[in-house]
Amino acid sequence: MKRYDLIIVGAGPAGLSAAIEAAKRGIKTVVFDENSRPGGQLFKQIHKFFGSKEHRAKIRGYVIGGQLLDEARKSGVEVILDATVIGLYQDREVVVKLGEAIHHFKGNAVIVATGASENMINFPGWTLPGVIGAGAAQTMLNLHGVLPGKRVLMLGSGNVGLVVSFQLMQCGCEVAAIVDAAPRVGGYGVHASKVARTGVPFYLSHTIVKAEGYDHVTGVTIAEVDEHFSFIPGTEKHFDVDTICLAVGLSPMSQLLKMAGCKMSDDPKKGGQVPICDTYGRTSLSGIFAAGDVSAIEEASSAMIEGRMAGVCAAEYLGYIDEEEEKKELAELDDALNGLRQGMFAPGNRGKAIEKTEEGIDISKNLLKNGFVAEDEIERYPGVTHREGIHPVIECTQNIPCNPCQDACRQGCISIGDKITSLPIVTKDSKCTGCGMCVASCSGQAIFLVNEDCGDGSATVTLPYEFLPLPEEGSKGIGLGRDGKKVCDAEVVSVRSLDVYDKTNLLTMRVPKEYAMKARFFRKA
């Protein structure tokens, strides 16, 4: 039986982060993962992360995955792939299936970072080919280059449903609708808005009645539900689709911890059955730690910090650092994690209906119901400004932990302040140079550069554009409003694609000046 100082189960964001923290202190560390490549969910996440610099904000998930792998290799971490951990027993014995053989390993400490699995729901036809999890669709798209279908209905308006819907469209799929039984959008408003302005309709307080087809999905029927989630007769709606994606939550994969004998708890706010552990991942069993979604469903950014916490705790447990150093390291990581757990989407606010922002501004009811901020609501937010010449218009309307826009502008045009969840403002007397760094850096694609009056009856709007093929300069098309409907004719003035923009192209379109504050997306005629 081979022995390691530290055995980590799971090579995702939490597991790799824990391994790096441990290995850089000289701990002999091995990571087992059942997949053929490490990185967990990161390598299928092509969108940019929220947060601040210390959270790797404005960096795409797959890039972060590469960074973690490089750090792990340089630290001497041993990563064993295609390794299915089938048992965790007394005295931290780990049983692993490698090929057709069963191997036993002993760890002086064990960190379980197995992540979470997708939830499914039952409805007539749910077993038909073409009904898949949103995460599975994302894997097909971003890892294997395979379209799950041509026309898709998404069930679920949380961040996963919104992000995957956008990525489906980036890959050439048509998203027929986003449907959710809840009465309001569950994910970040900026994610909903970037989907809505492409023309995808939202059906809140609706869910699936049945999937249609014989040997594969050919359509789907949805219907409105009442406050008891019962179908309202006469509200049925049909869509011709070949794929139904389910983004209905995640459940922690905590079976190994239960097998080991850790005390467990059924906690719906954390996603289901989770180990009872302290703030830093220490379970009820000495020398066994938990990190990431296995202990509570959160974002990948949080999982990375939790992994680092578990790695520090394991180092102290194994005697590689003293208690004083552990406390210092954990205090710094606490600050970083608390930064992500602020705002209206903080864990403590789950299930609460937030009526106002931290600044006392009414939340957009239309955003929560239809996925976009209405015309009569948008002007109330501090980032929406009017000036002569080119200037930023920031349509960030919710308190979320993110501040890359503040760092991106070298002219100091944008300010969030010390509190990471504050709504961004355009600073007084600042001069915008039109560089577009704020537009490219915004993880929510919520910033536009606008020249409201070019002097010839027209205006220009520069927007983030992440679709291929790119429209050419001079292309004629239509300007779409925040609701995805045509507001005016438009012409492409320029498309900027620079390495510093990290694949977020800046498309500038010319529109009649009366539509400068309305046109928010370009579609080629």
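The values are calculated or read from the model by the stated rules, or taken from the named source; none is laboratory data. Just so you know, these numbers come straight off a predicted model, no measurement behind them. Here Cβ is always computed from backbone atoms with ideal geometry, including for glycine, and neighbour counts include all displayed protein chains. Surface areas here come from the heavy atoms of the whole protein model, side chains and all, with no ligands, DNA or RNA. Shrake-Rupley method; radii C 1.70, N 1.55, O 1.52, S 1.80 Å.
Just wondering, is there one or more residues in region 70-80 that are open to solvent by less than 30 Å² (accessible area, probe 1.4 Å) and β-branched (Val, Ile, Thr)? Even if it seems obvious, please write down each step before you answer.
We begin by selecting, within region 70-80, every residue open to solvent by less than 30 Å² (accessible area, probe 1.4 Å); these are 72, 77.
Narrowing the set further to residues that are β-branched (Val, Ile, Thr) leaves 77.
Checking region 70-80: at least one residue is open to solvent by less than 30 Å² (accessible area, probe 1.4 Å) and β-branched (Val, Ile, Thr).
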Close pairs from region 10-35: first in contact (Cβ under 8 Å) with a residue 60 or more places away in the chain and open to solvent by less than 10 Å² (accessible area, probe 1.4 Å), partner in a helix (DSSP H, G or I) and β-branched (Val, Ile, Thr), Cβ under 7 Å, at least 6 apart: GLU21/VAL312
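Residues checked against (1) over 19 Å from the mean Cα position of the chain (by Cα); (2) farther than 30 Å from GLU227 by Cα; (3) in a loop (DSSP other than H, G, I, E, B):
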{"residue": "ALA109", "(1), (2), (3)": "yes, yes, no"}
{"residue": "THR114", "(1), (2), (3)": "no, yes, yes"}
{"residue": "PRO124", "(1), (2), (3)": "yes, no, yes"}
{"residue": "PRO148", "(1), (2), (3)": "yes, yes, yes"}
{"residue": "PHE166", "(1), (2), (3)": "no, no, no"}
{"residue": "ALA176", "(1), (2), (3)": "yes, no, no"}
{"residue": "VAL179", "(1), (2), (3)": "no, no, no"}
{"residue": "GLY186", "(1), (2), (3)": "no, no, yes"}
What residue, of VAL164, VAL200, is of a type in the set (A, V, I, L, M), in contact with a Cys (Cβ under 8 Å, 6 or more places away or on another chain), open to solvent by less than 30 Å² (accessible area, probe 1.4 Å) and modelled with pLDDT of 95 or more? VAL164
Under 8 Å between Cβ atoms, at least 6 apart or on separate chains: pull out the pairs that start in region 372-383 with a residue that is within 15 Å of ALA446 (Cα to Cα) and end on any residue that is open to solvent by 40 Å² or more (accessible area, probe 1.4 Å) and not in a helix (DSSP H, G or I). PHE372/ASP483; PRO382/GLU359; PRO382/ILE425; GLY383/ILE425
Where a residue in region 233-258 is of a type in the set (D, E, K, R) and its partner, wherever it lies, is open to solvent by 50 Å² or more (accessible area, probe 1.4 Å), with Cβ under 8 Å and at least six apart: LYS237/TYR203; ASP240/ARG151; ASP240/THR218; ASP242/LYS150; ASP242/ARG151; ASP242/HIS216; ASP242/THR218; LYS258/GLN273
What's the total number of residues in region 209-256 that are farther than 30 Å from ALA303 by Cβ, among the hydrophobic types (A, V, I, L, M, F, W, C) and not in a loop (DSSP other than H, G, I, E, B)? 8
Report, by residue number, each residue of region 292-331 that is among the acidic types (Asp, Glu) and either within 21 Å of ALA72 (Cα to Cα) or in a loop (DSSP other than H, G, I, E, B) (or both). ASP293, GLU298, GLU299, GLU306, GLU316, ASP322, GLU326, GLU329
From the option list LEU155, LEU162, single residue qualifying as touching a helix residue (DSSP H, G or I) at 6+ places or on another chain (Cβ under 8 Å) and either farther than 19 Å from TRP126 by Cα or of a type in the set (Asp, Glu) (or both) is LEU162
Result of the Cβ filter at 7 Å on region 65-87, keeping first residues that are within 20 Å of GLU54 (Cβ to Cβ) and partners that are basic (Lys, Arg), at least 6 apart or interchain, is SER75/LYS24
Checking the structure you have, find out if any residue of region 440-451 is over 26 Å from SER497 (Cβ atoms) and open to solvent by 10 Å² or more (accessible area, probe 1.4 Å). no
With the first residue restricted to region 165-181 and required to be in contact (Cβ under 8 Å) with a residue 40 or more places away in the chain and closer than 22 Å to LEU368 by Cβ, and the second required to be in a strand (DSSP E or B) and open to solvent by 30 Å² or more (accessible area, probe 1.4 Å), Cβ contacts under 7 Å at 6 or more apart or on different chains are ALA176/ARG151; ALA177/TYR203; VAL179/TYR203
Run GLN273 past the list (1) open to solvent by less than 20 Å² (accessible area, probe 1.4 Å); (2) of a type outside the set (A, V, I, L, M); (3) assigned to a strand (DSSP E or B) and report the number of the one that doesn't hold. (1)
When you scan region 226-235, do you find a residue that is at pLDDT 95 or above and under 26 Å from the mean Cα position of the chain (by Cα), even just one? no
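So that you can scan it fast, the table gives a plain yes or no per residue for (1) modelled with pLDDT under 95; (2) among the acidic types (Asp, Glu):
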position	(1), (2)
LEU16	no, no
PHE32	no, no
SER36	yes, no
GLY61	yes, no
GLU71	yes, yes
LYS97	no, no
ILE102	no, no
GLY107	no, no
Flag for GLY271 being modelled with pLDDT under 95, touching a Leu at 6+ places or on another chain (Cβ under 8 Å) and not aliphatic (A, V, I, L, M): yes
Within region 469-525, track down each residue that is under 26 Å from ILE178 (Cβ atoms), in a loop (DSSP other than H, G, I, E, B), open to solvent by 30 Å² or more (accessible area, probe 1.4 Å) and among the charged types (D, E, K, R). ASP483, LYS485, LYS503, LYS518
Criterion violated by ARG380 - all others in (1) under 16 Å from SER157 (Cβ atoms); (2) in a loop (DSSP other than H, G, I, E, B) satisfied: (1)
Hey, can you tell me all the residues within region 1-10 that are modelled with pLDDT of 95 or more and part of a loop (DSSP other than H, G, I, E, B)? GLY10
Answer yes if at least one residue in region 319-340 is in contact with a strand residue (DSSP E or B) (Cβ under 9 Å, 6 or more places away or on another chain), of a type outside the set (Val, Ile, Thr) and at pLDDT 95 or above, and no otherwise. yes
